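Here, each number is a calculation from the coordinates, and none is a lab measurement. Just so we're clear, the structure is a prediction, and the values are computed from it rather than from any experiment. Backbone-built Cβ (ideal geometry, glycine too); neighbour counts: all protein chains shown.
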Amino acid sequence: MAFTSAFRKRCAIIPAILLIAVTLACGGGGSHANAFLRGGGSWEKVNTPPGANQISFVDFSRDGHWFIADRNQGFYRSADQGASWTQVNSGIATTFGWTINANPFNGDLIASLFSPGGLNSSPVIFYRSANGGNTWSAIPFGHLSSATAWTGCAFPANGNIVCGGYWAPSPKTGGWISTNGGLSTTTVSTASTNSGSVYALALNPVTNDLWMGTEQNGIFRSTDNGLTWRAASPAATSVDPAHGIQDTNIYAITFDVHGNVLFGSQGGIWKSSNSGSGYRWTNVLSNPNTAAGEGLGRDANGVLYYGHKHDNHDATVVRCSTDDGRTWQACDSGLPPGLQVHRFVVNPSDGKLYAVIGNDLSLNGALYRTGSPVQ
């Protein structure tokens with residue numbers, strides 16, 4: 001009887017050990033992805049300039065400098081990984097900072113303003129700086145009435161600059177290209193005459209083609225470094241496989257490690273597959289409400305991240321996917337609930353993923369980052 005009792009105890013322990021092992025392998029019983037846990041387990045808030053509480057954008061230059069755009073205070077630079085900040089607004093028309101990109105090929109900065117308080121109430125201007133923001137030159141481009149693309153600009157390897165924004169007067173598309181570093185610009189050409197608002201721009205690092213998200217007309221693709229564009233998805237309709245996909249308001253674009261395209265829209269997240277003559281789109285994360293996807297990104301380990309606009313029915317701030325977008329789970333430990341992600345970007349200096357996270361209703365925005373990158 002003693003032997004039988006001891007044997008039964010051992011048999012009861014073995015399944016428990018196996019259950020613990022499986023639980024640890026799957027992320028520990030929480031709602032956060034295992035890869036995110038291996039990457040540090042939680043988001044942490046990053047030091048930002050005093051008074052800059054409406055941060056809308058962050059980017060990092062090849063020399064290790066950090067740059068921030070704030071909707072009320074303009075633009076800032078940090079030369080010591082965010083420990084201290086210097087305001088760099090000399091020559092800027094207003095302090096309504098919206099985006100600031102560091103060109104990865106030559107180090108130039110391309111920044112933009114938005115128009116708070118209504119359409120055309122303030123100038124929406126693009127600027128270029130070749131000295132880290134010490135001085136700025138306005139980039140000549142027509143007229144946008146509200147803001148520039150949420151993603152800022154895209155930079156193909158041939159040296160072109162491709163930018164855009166909201167509500168250009170007809171017949172312009174809202175997008176422009178510069179082949180000389182921003183000294184002059186040309187309105188981009190598209191196969192559609194009705195793509196007046198550019199909401200997102202991105203360069204595919206695998207295939208080197210460019211992608212443009214629009215307001216009502218789906219997503220466009222360029223294979224000539226931004227000179228011309230063709231529609232790669234149908235114009236926005238209701239969710240109906242027979243007539244199109246719900247791709248209204250494409251604010252965010254990213255790519256998996258294989259170069260497949262993912263974009264966020266009012267329909268959630270759509271992922272591409274090349275059908276030979278075009279692209280087919282699968283809804284890999286549906287949005288049952290109306291809050292469009294606002295941020296998409298990929299970290300240094302290939303994990304995908306997603307955030308949507310404010311939604312009273314969905315308080316999850318960040319979701320992530322470790323299987324190229326097939327499944328998604330909450331990855332927002334350390335973040336206040338109910339906020340929105342304006343931007344995801346990897347800092348090349350430390351390999352960590354950074355996110356501008358705020359409240360679209362109050363305009364408040366702050367900077368967060370993940371823990372140590374996955375090894």
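A few notes on this one:
- Summing Lys and Arg as +1 and Asp and Glu as -1 over all other residues whose Cβ lies under 12 Å from the Cβ of ASN131 gives a net charge of 0.
- Close amide H partners of TRP176, meaning residues 5 or more places away or on another chain with modelled amide H under 5 Å apart, are CYS163, GLY164, VAL188.
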